[in-house]
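This report refers to the structure that appears directly beneath it.
All of the numbers you see were taken from the coordinates with simple rules; none came from a lab. Predicted model only: the values in this text are computed from it and were never measured. Note that each Cβ is placed from the backbone with ideal geometry, even for glycine, and that neighbours are counted across all protein chains shown.
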Amino acid sequence: MSKLIAIDAGHEYNTAGKRTPKFDNGDFMHEWEFNYAVAIELEKILKRCGFRTLNVNPDKSETSLAQRVSKANTAGADFYISIHANALTGKWGNAKGIETFVWPSKNGSSEKIGRLIHKHLMTGTNMVDRGVKDGSWLYVIKHTKMPSVLVECGFMDNLREAKLLMSSSYRQECAVEIAKGICEGFGVKYVSEPVNKETPKPAPSPKKESNKGVKIICSALWTYNSKDWNDKAVIVHKDEVFTIISDKIKVDGGYMYQIKSGLYITASSKYVQVVNL
Ligand SMILES: [Zn+2]
């Protein structure tokens, strides 16, 4: 049977302190938003590569560290990956880079796969290398029965990295590199995303739409007055408003926004795939 990978999206949505400092417009990102987006994407990629997956904190609701570890232990997972974004002081500062925590052991799978994940993250991103570190003090590394690795994919309190952590392309990149490390660790061939964009399953019909997610196809540029929209691109879907990160371009006293393709999460934990025309 194929290996079972437990995926941990780091924290709960409202975990105290786990967020970026506020941007000038008062906005901020919960660490969970990054962790969860990467977790969802990683799950998709690992399945494509033939793994089975177990999402140990699949939604915003509270799942304690003990509950997550217990889920993975009970299911007999073969590997546990915990996805995080880092912070130093919680105020904008200069700490930067990626670090990976493992259970240090010369012949152990945690260190072996952790080093592979870290290698791929360093290859695929343009981030500072903070190294592979002893994570034996971390709950999810200490109490899991299977090899476990925790990645810190950048600093929420570094302005440049916070913006990266909020971008769907960087989230996607992290998921891809983590998956490549896991594949290499288990001797499984990494399977790239099919090039043919026609192949993905058709969007669910509106009546059957579940909480799983929806695809929205939108034009690449939207325009509106930035005052009203708080400097963010907003999409309304089924009475639900969610914000997406986009490039802002000043035009004739107003602004245009480049809507970016990617997975976005709504306030009620639905995720929405945005596809540019
Ligand atoms: Zn964290």
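Take 182-193, 133-144 and order them by the average number of nearby Cβ atoms within 10 Å per residue, most first; the result is 133-144, 182-193.
Can you tell me which of 80-88, 66-74 comes out highest on packing, and rank the rest after it, using the mean Cβ neighbours within 10 Å? Intermediate results must be reported in sequence, preceding the final value.
Details: 80-88: 24.8, 66-74: 17.6.
Descending packing order for the listed peptides: 80-88, 66-74.
For the range 44-157, the extents of the C-alpha atoms along the principal axes are 41, 34, 30 Å, listed from largest to smallest.
So if R0 is 41 Å, what FRET efficiency would Lys215 and Ser105 give, r being the distance between their Cβ atoms, rounded to the nearest 0.05? Walk me through the numbers on the way to the answer.
On the way: r = 44 Å, r/R0 = 1.06.
After rounding to 0.05, the efficiency reads 0.40.
Extension gain, Met1 to Val195, is 67.0 nm, computed as 0.36 nm per intervening residue step minus the present C-alpha separation.
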